Amino acid sequence: MEFRNLGNTDLKVSLICLGTMTWGEQNSEQEGFEQMDYSLDNGVNFFDTAELYSVPPRKETWGVTEEIIGNWFKSRRCREKVVLATKVTGRSGMKWFRNKETRLNKEQINSAVEGSLKRLKTDYIDLYQLHWPDRKANFFGKLSYEHEEEADFIEIRTQLEVLADLVKSGKIRYIGLSNETSWGLMKFLSIAEKYDLPRVVSVQNPYSLLNRSYEVGMAEISIREKCGLLAYSPLAFGMLSGKYDNGSKPDGARLTLFGDMFTRYTKPKGLKYSEKFNDLARKNGMTPVEMSLAFVNSRKFLTSNIIGATNIDQLKENIKSFQVKLSQDLIDEIDSIHNKNPFPCP
């Protein structure tokens, strides 16, 4: 396994990160245990979760994924071998978390941390991330920006001060952002420097062959500020695995079960360009999964590639992707397809 530093810290995380959001919905606790056992045995030391999970978010299943991980820690007694990341829910409209609108204020961040620690059966969280901004911004596939003045926006300094207290208490070690914009990331970094508050060490945003929008603005910040990307949906919800090619809908697959809820990658351009990339992989003697994940792994601004699997065979192929290296000729072919439609699925 290859390892990279988490931001400007000395903490080493595996290039492949184990995503967990299907556990408790598409996967049982036993299957989650199997995935964690296999991942740890094969060099993956970085696990990512969230209080929101499992997905799709429901009142009945939020927090279940953290509980599964916590039960595994209790059973295996290996907490110190894992770099554990989780997230607090941003402003959402989902009031079942704390019986009120979720916000990134002191009360709710503190409550969220305590809940995660209890479910995860641990005394500390290595990387605590803000799942999405408290303010209104162009994330979750929105490219255009329409500014709205917000009287109740929780100031970034306030959010950092709450996180600073949690770092001092030892409950969290480092902080990260998720679904963040260039402006947001730079404001978090500059305010942290100005007021001697915890510095963001990572950003968890979508990145794949179907969505390279991170390269515009964010990639430069990641490299220059040592605040790397934790890429989520590197296979575009499975579209870049080839299993949905030609209109296929495999039994039990996420987009078969929840296709009406997750349309980010299944619109006409997503269907067209995923098949172009999948065909390119096959033409070059690779599986679509191998080529897609290897491309993400090759990016200089990447810290770790968050993979997710619903069965052990998928997991094995995903983890082995760190061994796959793409030729410059193949990367040029990928870029040629990309340049014809840079953002088919932002």
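The values are calculated or read from the model by the stated rules, or taken from the named source; none is laboratory data. Given the structure is predicted, the values throughout are model-derived calculations rather than measurements. Every residue, glycine among them, receives a Cβ derived from its backbone with ideal geometry; neighbour counts consider all protein chains shown.
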* Scan of the stretch 194-223 for residues that are farther than 25 Å from residue 172 by Cα and more than 18 Å from the chain's Cα centre (by Cα), ordered by number -> 216, 217, 220
* To do: Exactly one condition in (1) over 25 Å from residue 182 (Cβ atoms); (2) exposed (fewer than 14 other Cβ atoms within 10 Å of the Cβ); (3) in contact (Cβ under 8 Å) with a residue 40 or more places away in the chain is not met by residue 246; state its number.
  => (3)
* To do: Quick one: in the stretch 280-314, of everything that is among the hydrophobic types (A, V, I, L, M, F, W, C) and under 16 Å from the mean Cα position of the chain (by Cα), which residue is modelled with the lowest pLDDT?
  => 309
* **Residues being surrounded by fewer than 21 Cβ atoms within 10 Å (Cβ to Cβ) and either in a loop (DSSP other than H, G, I, E, B) or among the charged types (D, E, K, R) (or both) - total across the stretch 97-121** => 12
* **Candidate set from the stretch 332-346 (those that are surrounded by 15 or more Cβ atoms within 10 Å (Cβ to Cβ) and either at pLDDT 95 or above or not hydrophobic (A, V, I, L, M, F, W, C) (or both)); member that is farthest from residue 143 (Cα to Cα)** => 333
* **Matching helices (runs of 4 or more DSSP H) fully within the stretch 259-346 where at least 2 residues are in contact (Cβ under 8 Å) with a residue 60 or more places away in the chain and touching a strand residue (DSSP E or B) at 6+ places or on another chain (Cβ under 6 Å)** => 288-297, 312-320
* Please find, among 52, 127, the residue that is hydrophobic (A, V, I, L, M, F, W, C) and in contact with a Leu (Cβ under 8 Å, 6 or more places away or on another chain). => 127
* Structure fact -> Across (1) touching a residue at least 40 places away in the same chain (Cβ under 8 Å); (2) more than 29 Å from residue 332 (Cβ to Cβ), residue 226 clears everything bar (2)
* Structure fact -> In the stretch 22-80, residues that are of a type in the set (Gly, Ala, Ser), crowded, with 16+ Cβ neighbours inside 10 Å and not in a loop (DSSP other than H, G, I, E, B) total 3
* Asked: Residues of the stretch 76-120 being more than 22 Å from the chain's Cα centre (by Cα), in contact (Cβ under 8 Å) with a residue 12 or more places away in the chain and under 21 Å from residue 17 (Cα atoms), which ones?
  -> 76, 78
* Any chance the stretch 83-96 includes a residue that's of a type in the set (Gly, Ala, Ser), part of a loop (DSSP other than H, G, I, E, B), modelled with pLDDT of 95 or more and at positive phi? -> no
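Being under 18 Å from the mean Cα position of the chain (by Cα), at pLDDT 90 or above and assigned to a loop (DSSP other than H, G, I, E, B), is that true of even one residue in the stretch 124-132?
Among the residues of the stretch 124-132, at least one is under 18 Å from the mean Cα position of the chain (by Cα), at pLDDT 90 or above and assigned to a loop (DSSP other than H, G, I, E, B), which makes the answer yes.
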* Got at least one residue in the stretch 133-148 being buried (at least 20 other Cβ atoms within 10 Å of the Cβ), free of Cβ contacts under 8 Å to residues at least 60 places away in the same chain, within 27 Å of residue 263 (Cβ to Cβ) and not acidic (Asp, Glu)? -> yes
